[in-house]
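The values are calculated or read from the model by the stated rules, or taken from the named source; none is laboratory data. As the structure is a prediction and not an experimental result, all values here were calculated from the model. Cβ placement follows ideal geometry from the backbone for every residue including glycine, while neighbour counts extend to all protein chains displayed.
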Amino acid sequence: MRLRTLVVDDSSSTRAFLRELLRERGHEVTAVRSAEEAIKAHAEQPFQLLLVDWTLPGLSGLDLCRMVRGRPRGEEPVILVITGRDRTLDLSAVLDAGASDYLSKPIDPDILATRLLIAERAIEETARRGVEQEDMESRLALADRMASVGTLTAGVAHELNNPLMYVLSNLRVTREEIEELGETEWSDRVKQQLDEAILGALRMQDIVRDLKIFSRVDDEPRGNVDIQGVLESSINICWNEIRHKARLERDFGPTPPVDVNESRLGQVFLNLLINASQAMPDRAASFNRITVRTRTDSEGWAVVEVADNGTGIEPERMSRLFEPFFTTKAVSEGTGLGLSICRNIVRDAGGTIEVESEPGRGSRFVVRLPGSATSHVVHETQAPPIATSGARACVVVIDDEPLVGRAIRRALRDHDVQLYSSGEEAIQRLCSDEPVDVVFCDLMMPEVSGMEVYARVSERRPDNASRFVFMTGGAFTQEAREFLKETPLVCLEKPFELRQIRDLVAERAEPAD
């Protein structure tokens, strides 16, 4: 590293001597005769090393030290003060002024060389730490932006679920109504167009579902998670990253459910898949291969392998692979936190993550997770009335999105459907003496949430409270997540199938006279 060095001495012979010696060591040297000239030169482009004579015309060398240290980033330069004084009090004054070290006159070339070597190493170490600090700050900023993206994604997914709900519902109802009209010269064409529109909406529904997996918060409860389902969602999320670079091969064997946080497990798989894609050399995608395997080992553990035939990892880097902030990627491509976080997630679940790699031949990451020892708790609920042919239900729909309510009313056109977009109005209706068979209630609503509606109805009309079916596009609060975990009532994820609400209403409808 070529150091920028400033020599400040009013003796021309000393300046010449130091300039020559420093240039021999590879320094880029500027030499001036006064503190005032030095301040001006240092302000234009800061120096890394300053050799300053104590006694100067005008401001002294110690004054210069104090002024340099008082500037922004003034702690960084190494300052050596040259002095003919040797009293302890004088040398203390040199250090108190901010000098790093001192040189006694007459200057001994060997001692000078030693002092310069120490200074050069200190400057190199400071520069290295500075680069690492800037790199870490950049990666932390990127990690923070990614966390913000996760929060934003959760909100976007929730906001998309309501329009998807009424788009899909209205398309399906329209398709049914055309089917009821019988065959006409235009009906086949219209039904095909509707089928294609439904297919497109279902594709959007799958995308939103996959996004929701990766945007859930870390305090969500752990539960029995299907590994292959999370893998497929991970593949869907990064498919555009993979398909242009490599062929993806699946070799899915049976695995037990695992007791993990679904979102965090998805984060592990997504990171491994993206790393495999980014490890591919620049060649035709048909020559690159990513293989995802699942199996159950002899101990009953679920095993997931993500292997690639990419560039591989050098042996000297393998030992640091799971260290925080260690990465071979540019800041724009990675934070250096991915594999470290993956290891922590897997360890938290009681599992292990290992890697094998050979430069030029690819890498293989193996995740092992213990099978879940628990099973889902099945809540005991009171069996709803069994419907008979011709049963007609009184249905109350509570949702702050009016289009969702209207779509449900069209889907249940054979029943009496009442719509409420206000929680307070719905509470008044449900606490009255009017009959109700089914209550479809949105969980997350402004002002009065579905949980509050349910709680207040439970106090005054517990019989009506037992008829609730909750609808949700996403539970954002800890209270909502805990409520869904504990409630024995049915909860439908938006957008849901028409068949689901029709079956629920048919089960709970009062038989017709």
query: Could we say that Phe483 is outside any strand (DSSP E or B), within 31 Å of the chain's Cα centre (by Cα) and within 30 Å of Arg172 (Cα to Cα) here?
result: no
task: Count, please, the residues in the stretch 167-210 that happen to be among the small types (Gly, Ala, Ser), under 25 Å from Ile235 (Cα atoms) and surrounded by 15 or more Cβ atoms within 10 Å (Cβ to Cβ).
output: 2
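Being over 21 Å from Gly98 (Cβ atoms) and in the same structural domain as Ala99 (by TED's automatic domain parsing) is true for just one of Ala16, Ala35. Which residue is that?
Unique residue meeting the criteria: Ala16.
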- request: Name the residue, out of Glu486, Glu493, that is closer than 25 Å to Asn161 by Cα, modelled with pLDDT under 95 and out of contact with any strand residue (DSSP E or B) (no Cβ under 9 Å at 6 or more places or on another chain).
  value: Glu486
message: Condition first: on the phi < 0 side of the Ramachandran plot and at pLDDT 90 or above. Can you find one or more residues in the stretch 328-336 that meet it?
response: no
- prompt: Do any residues in the stretch 7-20 that are part of a helix (DSSP H, G or I) have Cβ atoms under 7 Å from those of residues that are among the aliphatic types (A, V, I, L, M), where the two are at least six apart or on different chains, and which pairs are they?
  reply: Arg15/Val7; Arg15/Ala31; Leu18/Val7; Leu18/Leu51; Arg19/Val7; Arg19/Val29; Arg19/Ala31
Boolean, Gly61 is buried (at least 17 other Cβ atoms within 10 Å of the Cβ), modelled with pLDDT of 90 or more and at positive phi: no
message: When you check Gly423 against the structure, is it within 29 Å of the chain's Cα centre (by Cα) and buried (at least 16 other Cβ atoms within 10 Å of the Cβ), yes or no?
response: no
statement: Flagged in the stretch 71-101 as in contact with a strand residue (DSSP E or B) (Cβ under 7 Å, 6 or more places away or on another chain), among the hydroxyl-bearing types (Ser, Thr, Tyr) and more than 13 Å from Leu50 (Cβ to Cβ), in numbering order, are Thr83
